[in-house]
1. Give me the one-decimal nm value for the distance between modelled label points at HIS126 and SER197, 7 Å along each residue's Cα-to-Cβ direction.
2. LYS287: which aspartates and glutamates have alpha carbons under 12 Å from its alpha carbon, excluding same-chain residues fewer than 8 sequence positions away?
3. Whole angstrom only: what separates the Cα centroid of the stretch 331-353 from the Cα centroid of the stretch 245-279?
4. Take each of the peptides 274-286, 302-314, average the number of other beta-carbon atoms within 10 Å over its residues, and list them starting from the highest.
5. Counting only other residues whose beta carbon sits under 15 Å from that of VAL311, what net charge do I get with K and R as +1, D and E as -1?
6. Given springs between every Cα pair under 10 Å in a Gaussian network model of the chain, which of HIS351, HIS269, HIS126 has the largest fluctuation?
7. Treating the angle as unsigned and between 0 and 90°, give the value, to the nearest 10°, between the Cα long axis of helix 192-213 and the longest Cα principal axis of the chain.
8. Name the most mobile residue of ALA111, ALA93, ALA201, meaning the one with the largest mean-square fluctuation, in a Gaussian network model of the chain with Cα contacts below 10 Å.
Amino acid sequence: LEFDLGQIDLGSFDHYMLKEIHEQPQALRVCLKGRIDNRAGKVVLGGVQPFARELARARRIVFVGQGTALHAAMVGEYVMEDLAKIPTEVEFASEFRYRNPIVEEGTVIVAISQSGETADTLAAVHEGRDRGATTLGLVNVVGSTIARDTDAGIYLRVGPEIGVASTKAFIGQVMVATMLAAFIGRRRFLSQEQLESLLAAMERMPDHIERVLLQSDAIRDATSRYVDRENWLFLGRGVNYPVALEGALKLKEISYIHAEGMPAAEMKHGPIALIDDGMPVVFLATKNSQYEKVVSNIEEVRSRGGHVIAVATEGDEEIGALCEEVFWVPEVPEPLQPIVNVVPLQLLAYHAAVMRGKDVDKPRNL
């Protein structure tokens, strides 16, 4: 096991979850190390290299996972279709294993799991493999069952996660899924110039996360103004929709506040009835291809008395004028936005749980 005792010692932190949130920049540096070749301008993924031609010819990719891993898989769906132009879908592993899934020639099953032992995800791998699919594992634990039972895979290399609520594993899963999409994409329709630009942006991500972490105190102060509210909405569009789901999951699993994540446009098809005076609604509102649509959704919430907490791009004065609270993140390419955007939501959930006196590292029933 390639980690030292310092990685499982609390040090100066009050909880493992907070320590692991602050470890994310270094975890991402280790995840990226040796996998970006700047001189050659390519992604180096030794674990899947023998299957490179097979992956480039894939006709369909199916991501499977549960919980936080499923949300990372949903980001993977967006980036795989964007960068590699391969039809991609996401399935709850528990649903995939208990139905009669269609697995045709050219299907690739990508299983995402922090532990590599998630029972439903492992069973989905076996189901896909038995039906003739190529199987890949994106896991953190070296030598785990999913790592052994898949045809190939990529280790996250983000270090041990002691807190039950996953944080650094999520950004590792998203980064590895993005690297896989770039690896395949370059063999299909992604130009060399596009790839090199993306790789340069990937290398800057740890520094960007460090800047977001400096806002922890401000996020705690903002959270304190809403921590007594029992119902929250988390809304995002496109690649940020899975981030909204992950933000809601973090809040409910450690603070026990009811939170719901959904696509921002779905809100007005029923859930908008929940919004009352002062209800906290968290928007992923960074500058991207759907920014104007998100601003429109924010205005809909404000007109009904909801209080908007936005994750927004630094320097965006328009958002600042529309929201009660803003958590700022650096500007990054759209496929990489989930990696920085999720960090303020992790901190929000952590501070809410502490303020409510909950056991942050060992949530009940989990």
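1. In this crude spin-label approximation the distance works out to 4.6 nm.
2. Cα-Cα hits under 12 Å: GLU314, ASP316, GLU317, GLU318, GLU331, GLU334.
3. The two parts, judged by their Cα centres, are 16 Å apart.
4. Peptide ranking by packing, descending: 274-286, 302-314.
5. Local charge sum for VAL311: -4.
6. Of HIS351, HIS269, HIS126, the most mobile in the Gaussian network model is HIS269.
7. 40 degrees
8. Largest GNM mean-square fluctuation: ALA201.
The values are calculated or read from the model by the stated rules, or taken from the named source; none is laboratory data. All values derive from a computational prediction rather than experimental measurement. Cβ: placed from backbone, ideal geometry, glycine included. Neighbour counts: every protein chain shown. With ligands, DNA and RNA removed, areas are computed over all heavy atoms of the protein, side chains included. Shrake-Rupley method; radii C 1.70, N 1.55, O 1.52, S 1.80 Å.
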